[in-house]
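What follows is a short report on a single structure.
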Amino acid sequence: MMLSAYTTLILLSLLAFAQAQPAEITVKEWVIPTPNSAPHDVVVDKNGIVWFTEINTNKIGRFDPKTEQFKEYSIPTPSSRPHGLVVDGQGNVWFTEVGAGKIGKLIPETAEIVEYTTPTPNSGPHTPILAEDDILWFTEQRASKIGRLDIKSGEITEFPTLTPSANPYGIIVDAEGNAWFAELQGHHIGKVDAKTGEVTEYSPPTAQSGPRRIAIDSNGVLWFTEYNTGKIGSFDPKTGEMVEYDTSSESSGPYAIWVDIYDNVWFSLTGIYKVGKFDQSAQELYEYDLPSPETHIKFIHTDDNGNVWFPNYNNNKIGVILVDASTIPEETTAPVMDAEPENEDEVPEEMPQTEPETPVEPSEETPTAEQITSSEDQPLDLPIIGFAIAIGVIAAIVAFVLLFRKKHPALDKI
């Protein structure tokens with residue numbers, strides 16, 4: 001009886017472990033028409049159109065997942081190095097020009113681009129986010145300030161960080177319109193009060209952690225990457241509680257982060273070329289391999305169907321993790337780039353990097369569009385592998401117990 005009870009317990013436990021592993025992910029990617037464009041940030045608008053910045057080639061890109069066609073818009077200021085972008089309610093695309101100290105506005109219907117110069121010269125506008133009251137907040141990396149642009153009047157106000165040379169990086173807004181930002185070198189999470197303009201800073205538990213990007217979930221909890229320490233963190237402004245979660249390696253390089261419609265927290269691991277997911281309901285953290293070599297993801301955004309979009313910086317691609325595969329065509333065709341509204345014959349030269357970011361040359365062997373299934377390797381590669389391992393362990397345990405009982409028959413009387 002003792003053998004039967006132990007064997008049953010082990011069997012049930014290991015089967016539960018094997019079956020608890022999440023399913024594999026499916027990744028689909030498309031090659032951007034302009035070579036070596038170095039796509040940096042990405043955003044999906046209300047119509048499902050994917051917009052992205054081409055930091056090396058001075059363009060804003062547009063991709064329609066339904067038709068699989070690209071369109072690119074040249075920015076009038078040379079060497080502007082477009083970085084982050086958002087889309088307003090009218091469909092206008094707002095973007096930062098980190099190399100020119102400007103905020104740009106693209107009007108897709110006319111292909112017109114309007115630019116606004118920041119009050120501080122060479123401020124390094126970095127990441128933008130749009131509040132519901134038509135206020136565009138953005139980080140100014142070089143000036144160590146937070147910018148506020150009223151998109152109706154065009155007026156820009158700047159708020160210095162409390163910590164000098166904090167290198168404010170990612171930014172997000174809460175339900176009250178307050179701007180929250182991550183300080184890569186100041187090692188704080190910061191806040192600009194939308195009503196008073198007061199700036200506050202909060203310190204993560206781990207010192208010198210290098211908070212890089214920041215996101216917010218449906219409960220108002222902030223999530224951020226700790227680039228220097230291989231962690232992701234959460235901060236609840238209501239309680240003041242901060243929690244940190246370890247990834248698989250201290251050198252994993254957590255970079256981009258976003259929260260999907262299910263409150264799953266997605267993040268990139270640029271040190272090991274993976275993408276991660278933290279399931280809040282299960283309190284489990286998973287890491288996934290990606291199909292393209294050395295996939296370096298600098299931003300993540302999810303669409304209304306929960307699909308996770310990302311720019312593949314090193315491989316000159318736009319990619320998606322398919323959560324709802326029905327929203328993306330199953331068969332892929334070579335993307336066609338629409339003619340640019342202006343300067344379509346101009347071939348932009350590659351711009352020098354102003355950040356410590358070195359793109360890897362795109363591989364000519366990579367197909368134009370691809371759909372690849374990629375599995376998670378933390379905590380286990382695939383559920384079926386876990387099941388097989390479980391069966392193997394059970395068989396070994398049963399054999400050991402039978403052998404032990406044969407040598408010690410007295411145990412049968414216990």
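The values are calculated or read from the model by the stated rules, or taken from the named source; none is laboratory data. Keep in mind that what you see is a predicted model, and the values were worked out from it rather than measured. Neighbour counts are summed over all protein chains in view; Cβ atoms, including those assigned to glycine, are modelled from backbone coordinates with ideal geometry.
Out of curiosity, is I300 at pLDDT 95 or above, surrounded by fewer than 23 Cβ atoms within 10 Å (Cβ to Cβ), under 27 Å from N47 (Cα atoms) and of a type in the set (A, V, I, L, M)? Considered against the rule, which asks whether it is at pLDDT 95 or above, surrounded by fewer than 23 Cβ atoms within 10 Å (Cβ to Cβ), under 27 Å from N47 (Cα atoms) and of a type in the set (A, V, I, L, M), I300 comes out as no.
State yes or no: is G89 out of contact with any Gly (no Cβ under 7 Å at 6 or more places or on another chain) and modelled with pLDDT under 95? Spelling it out, G89 is indeed out of contact with any Gly (no Cβ under 7 Å at 6 or more places or on another chain) and modelled with pLDDT under 95.
Residues considered: E176, E158. Of these, the only one that is at pLDDT 95 or above and outside any loop (DSSP other than H, G, I, E, B) is E158. Just one residue in the set V98, V114 is surrounded by fewer than 20 Cβ atoms within 10 Å (Cβ to Cβ) and either closer than 23 Å to E158 by Cβ or in contact with a helix residue (DSSP H, G or I) (Cβ under 7 Å, 6 or more places away or on another chain) (or both); that residue is V114. Within this structure, L136 fails the test of being in contact with an Asp or Glu (Cβ under 7 Å, 6 or more places away or on another chain), hydrophobic (A, V, I, L, M, F, W, C) and at pLDDT 95 or above.
A single entry from S165, S153 fulfils the requirement of being part of a loop (DSSP other than H, G, I, E, B) and without any contact (Cβ under 8 Å) to a residue 12 or more places away in the chain: S153.
State whether the residues of segment 126-149 include one that is in a strand (DSSP E or B), assigned by TED's automatic domain parsing to the domain that holds F235 and over 25 Å from the mean Cα position of the chain (by Cα). Taking every residue of segment 126-149 in turn, none turns out to be in a strand (DSSP E or B), assigned by TED's automatic domain parsing to the domain that holds F235 and over 25 Å from the mean Cα position of the chain (by Cα). Being part of a strand (DSSP E or B) and crowded, with 24+ Cβ neighbours inside 10 Å is the filter here; which residues of segment 236-254 pass it? The one that is part of a strand (DSSP E or B) and crowded, with 24+ Cβ neighbours inside 10 Å: P254. Within segment 258-303, the only residue that satisfies the criterion of being in contact with a His (Cβ under 8 Å, 6 or more places away or on another chain) and either on the phi > 0 side of the Ramachandran plot or not assigned by TED's automatic domain parsing to the domain that holds V44 (or both) is Y273.
Mind checking which residues of segment 181-225 are of a type in the set (D, E, K, R), surrounded by fewer than 24 Cβ atoms within 10 Å (Cβ to Cβ) and outside any loop (DSSP other than H, G, I, E, B)?
Applying the first criterion (of a type in the set (D, E, K, R)) to segment 181-225 yields 183, 191, 193, 195, 198, 201, 212-213, 217.
Next, from what is left, pick out any that are surrounded by fewer than 24 Cβ atoms within 10 Å (Cβ to Cβ): 191, 193, 195, 198, 201, 217.
Within segment 181-225, K191, E201 meet the criteria.
Checking the stated criteria, I103 turns out not to satisfy the condition of being over 24 Å from the mean Cα position of the chain (by Cα) and either crowded, with 23+ Cβ neighbours inside 10 Å or touching a residue at least 40 places away in the same chain (Cβ under 8 Å) (or both).
The rows are residues; the columns are (1) touching a Lys or Arg at 6+ places or on another chain (Cβ under 6 Å); (2) buried (at least 18 other Cβ atoms within 10 Å of the Cβ); (3) touching a residue at least 12 places away in the same chain (Cβ under 8 Å).
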| site | (1), (2), (3) |
| --- | --- |
| T26 | no, no, yes |
| P39 | no, yes, yes |
| G48 | no, no, yes |
| G61 | no, yes, yes |
| P65 | no, yes, yes |
| E72 | yes, yes, yes |
| P76 | no, no, yes |
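Close contacts from segment 285-300, counting a first residue that is among the polar types (S, T, N, Q) and a second that is surrounded by fewer than 20 Cβ atoms within 10 Å (Cβ to Cβ) and part of a loop (DSSP other than H, G, I, E, B), with Cβ to Cβ under 9 Å and a gap of 6+ residues or different chains, come to S292/Y273; S292/S363; S292/T366; T295/Y273.
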